[in-house]
Structure formats: structure tokens, C-alpha cells
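J.: Below are the C-alpha cells for one structure; questions will follow.
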Amino acid sequence: MSALALNSLALTRPARLRATKANGRAATKARVSVVVKAANADLKFDDDWKKSSVAVHLASLFGWVIPSASPCPAFEDNASLFAVFSERISANLANFPQGPAADDKIWLYMLTWHMGLFACMMFGQIGVQARKQGYFK
């Protein structure tokens, strides 16, 4: 299968056409033409564009779980985000057929914990790939 990449995209200036309506007012219409040029057919998209690594994912998982398990004064009894999130998970699993309510704190804890996890994974992946590609020389 040959891949096709766009080399350039050019828009030409609209050409104005004047047409007269029945009431005597002039109406303006514009036409735009698009020119697309194809690049070399040998240029192919990298299928492994993410270049993810299991080691990076594991390191970022531990790199987020350990700090999120440290005590934080924002929570009751100086608990950690991981502790309050785990406590809300087990409390909701006790009522298993019925899911958590819309105003349950688990949604805030889940969103906060996962945003931190995905940020660690993303920045870890960026750092490892940047080092492999020589950005930190």
C-alpha cells in the first residue's frame, strides 16, 4: 500500500462575481479554489509513532503511586490521595449493584488521581524519547 502525504496546500484569492438581483441590489459571491500537491509516494507514516515502552509505563506508575500515597494536609486526618481514593472504591464496592451517586467524592478523587497518572506517563514518555533522539546533549 502506498502512502500519500500532502506537500503543500494553496488557497487562491477569492474571485468576486457580481450579479444583479430583481430589486436592483448587487450581490457578491466568492469562489475559492484549492490546490493540493502530493509528496513522494515513498514517504510513509511511522506505524509506531507513539514508541511506547513498558519500562516507562511501569516507572511512571510507581512514580505516581508513591507520591500520591504520601500524606497530604488537604484531606481529613492528613490522609493521602491514594488512601482516600482506595477508601471510596471499597465503600462503593460494598454497595456493588448500585453505582456511586453523581455527587460522590469518588469522581473527584478518580479524576485527580488519573490525571496525575497520565501526566506522569506522558512526561516520562516524552523524556525517554527526547533522550533517545538526542535532545539532551
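The values are calculated or read from the model by the stated rules, or taken from the named source; none is laboratory data. The model shown is predicted, which means the values in this text are computed figures rather than measured ones. Ligands, DNA and RNA are stripped out before the accessible areas are found, and what is left, the full protein with its side chains, is counted by its heavy atoms. Shrake-Rupley method; radii C 1.70, N 1.55, O 1.52, S 1.80 Å.
J.: As a test of reading the structure, rank Leu81, Leu58 by solvent-accessible area (1.4 Å probe, protein chains only), most first. Walk me through the numbers before you get to the answer.
T.: On the way: Leu81 20, Leu58 90 Å².
Sorted by accessible area, descending: Leu58, Leu81.
J.: In what sequence, largest accessible area first, do Met110, Met122, Met115 appear using a 1.4 Å probe? Present the calculation step by step, with values, prior to reporting the outcome.
T.: Working: Met110 70, Met122 95, Met115 120 Å².
Highest to lowest solvent-accessible surface, that is Met115, Met122, Met110.
J.: Where the convex hull is taken over the Cα atoms of region 48-137, what is its projected area averaged over directions, in nm²? Display every interim value, and only then the final one.
T.: On the way: hull surface 33.5 nm².
Computed as one quarter of the Cα hull surface, the answer is 8.4 nm².
J.: State which entries of Lys37/Lys137; Lys44/Lys132; Lys51/Lys137 exceed 26 angstrom in Cα-Cα distance in the structure shown.
T.: Violating the 26 Å Cα-Cα cut-off are Lys37/Lys137.
J.: Pairs of alpha-carbon atoms within less than 8 angstrom and 6+ residues apart define the contacts here; what relative contact order does region 53-126 have, in percent?
T.: On the way: 56 pairs, mean separation 30.6, N = 74.
Worked out over region 53-126, it gives 41 percent.
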